[in-house]
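We did not get these values from a lab; they are worked out from the coordinates using the rules stated. Values in this document were obtained by computation on a predicted structure and should not be read as measured data.
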Amino acid sequence: MAAQSLARTLILSSTLTPNINPTSFNCLKSMAPTVNTTTTFAPLQRRTMSAFEARISLVFALASQASSVSQRRKFLMDLASETAKYVFPKRFESQNLEEALMAVPDLETVRFKVLNRADKYEIREVEPYFIAETTMPGKTGFDFNGSSQSFNVLAEYLFGKNTSKEKMEMTTPVITSRTRSDGERMEMTTPVITKKVENQDKWQMSFVMPSKYGSTLPLPKDPSVRIKEVPRKVVAVVAFSGFVTDEEVKRRELRLRDALKNDSGFRVKEGTSVEVSQYNPPFTLPFTRRNEIALELEKKKE
């Protein structure tokens with residue numbers, strides 16, 4: 001310690017005494033301890049906000065802005081109105097006991113007209129609507145991790161991660177569909193070329209967008225989110241309760257395809273893939289949940 005103190009003193013005095021021996025100076029300088037002034041920080045990891053956390057964050061953000069009595073009153077009224085949509089749900093017209101027990105939140109949904117009801121399905125004409133869509137990870141559509149990740153990406157867009165920082169209202173249902181393609185056929189040449197389509201055999205998750213925006217929806221900041229318009233179409237729909245699994249979807253899709261073979265007016269459109277709609281939040285009791293599978297149809301040729 002004494003040697004280190006002496007070294008520091010001589011180094012300091014060397015700045016005031018230009019005639020010091022350079023060799024002695026270097027020797028003494030080497031005796032001084034080296035101080036490392038570089039601090040290394042661990043890289044910050046960005047934590048993805050869950051859909052539930054995003055919703056709660058939005059509620060607290062609104063509360064913090066309610067600085068006056070009138071603003072607080074409006075906030076409480078909005079909160080009560082939002083809660084009532086889930087506490088007092090609405091019901092579709094039911095065809096059996098299972099459907100009679102189903103309930104959906106009182107949120108904006110896709111508009112449609114029922115064209116026909118059969119014993120095992122319902123045929124609807126669905127009006128055009130816009131969706132925000134993202135590709136789900138993996139090759140299954142209903143594993144918990146993949147579904148949660150995709151839901152969070154879309155929820156962030158809906159609650160403000162867009163070019164206008166617009167916080168939009170939640171709608172229903174959440175739609176999951178599979179992209180199937182055998183490839184893109186080019187014009188007739190030699191040889192015939194088939195190009196693999198991006199996201200082939202992948203599942204897509206979609207949020208139905210509030211109709212008041214139409215084609216003026218704010219653009220997403222996340223490049224994995226795409227805005228699309230779904231054109232008018234005719235679909236066959238089967239509703240069921242409980243939790244959705246890949247096995248359950250496959251079983252009900254096969255049953256619906258078999259039933260539609262006997263339909264007198266419509267048939268399954270060539271190349272169509274099953275579409276699954278889920279209307280309820282995760283905390284809904286299984287027997288009151290409403291899920292639907294749908295297949296796009298076309299008129300049979302006479």
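Thr140 to Phe283: extension gain in nm, 0.36 nm per residue of separation minus the Cα-Cα distance?
Separation in residues times 0.36 nm, less the Cα-Cα distance, equals 49.2 nm.
What's the extension gain from Glu166 to Lys202 if we count 0.36 nm per residue and subtract their Cα-Cα distance? All intermediate terms of the calculation are to be shown ahead of the outcome.
Working: separation 36, 0.36 × 36 = 12.96 nm, distance 2.91 nm.
Difference between extended and current length: 10.0 nm.
Between Glu247 and Ser264, 0.36 nm times their residue separation minus their Cα-Cα distance comes to what? Before the final figure, lay out the partial values.
Details: separation 17, 0.36 × 17 = 6.12 nm, distance 2.89 nm.
Using 0.36 nm per residue and subtracting the Cα-Cα distance, I get 3.2 nm.
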